[in-house]
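Remarks on the structure that follows.
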Amino acid sequence: MIAWLAPDDPPGHFPPPERALQDPPGLLAAGGDLSGERLLEAYRRGIFPWYSPGQPVLWWSPDPREVLFPAEFHCSRSLARSLRLRGFQYDFDRDFKAVIEACAAPRSHSPGTWITSEMQSAYLELHRRGHAHSIEVRRAGVLVGGLYGVRMGRVFCGESMFSRATDASKAAMHALVGRCLTDGTTLIDCQVPSAHLRTLGSRPISRAEFLKYLA
């Protein structure tokens, strides 16, 4: 059973879900499971899961929605130089499991993770079914950065990224943008704003406008 809640404004940066629950803008529902069918139906409606261990599955749809139009990607001179000199190599869907595990790993500023084992299993299943994809960034054959998300038609719904080397996550986004420009993807869903994404050209649009792209 899913308990539907009253939504509206976006959560902004994602704090831990237990903090967001004190003031849950954009929170639509609590409960249910992470079956492939439920996840795909949620993404078709502009809804995504995000919760902490021990909580029910929480379902979100921020308004406004942070997005990145591939043609608006901002590659600064310093980033362009970094991409030329750091010796990154790029792959698509070569090792989705390694990417989601790296995204779930604890970080110095956030020892916990919302990418639970249940979440990992759910997205691995979406990957097996051809809906979830990863971008991998390697240097000298070693995985140093990447991202994963779900593609819905011409919208790529980004979920998480990681970096183990300077600019590796930006390199992953750069590679994703390049792929979007060649395969007809018109929009990258960033869900909520962050300073990191804003430097790359993300901006907010209304939930209604976002849903038009999904439609």
* Asked: Quick check: is even one residue across region 82-96 in contact (Cβ under 8 Å) with a residue 12 or more places away in the chain and within 14 Å of the chain's Cα centre (by Cα)?
  -> yes
* **Boolean, S163 is without any contact (Cβ under 8 Å) to a residue 24 or more places away in the chain and of a type in the set (S, T, Y)** => yes
* Qualifying positions in region 144-179 - surrounded by fewer than 21 Cβ atoms within 10 Å (Cβ to Cβ), over 12 Å from the mean Cα position of the chain (by Cα) and closer than 16 Å to F92 by Cβ -> G178, R179
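For (1) part of a strand (DSSP E or B); (2) touching a Leu at 6+ places or on another chain (Cβ under 6 Å); (3) among the aliphatic types (A, V, I, L, M); (4) surrounded by fewer than 22 Cβ atoms within 10 Å (Cβ to Cβ), each residue gets a yes or a no:
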| position | (1), (2), (3), (4) |
| --- | --- |
| Y90 | yes, no, no, yes |
| T113 | no, no, no, yes |
| L124 | no, no, yes, yes |
| L181 | no, no, yes, yes |
* Asked: Do you know which residues across region 36-77 are in a helix (DSSP H, G or I) and either out of contact with any Asp or Glu (no Cβ under 6 Å at 6 or more places or on another chain) or more than 14 Å from E118 (Cα to Cα) (or both)?
  -> E37, R38, L39, L40, E41, A42, Y43, R44, P70, A71, E72, R77
* To do: Return yes when R207 is free of Cβ contacts under 8 Å to residues at least 12 places away in the same chain and either outside the structural domain of I100 (by TED's automatic domain parsing) or of a type outside the set (A, V, I, L, M, F, W, C) (or both) and no when it is not.
  => no
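The values are calculated or read from the model by the stated rules, or taken from the named source; none is laboratory data. All figures in this text were calculated on a predicted structure; none of them were measured in a lab. As a convention, Cβ positions derive from the backbone with ideal geometry for all residues, glycine included, and neighbour counts pool all protein chains shown.
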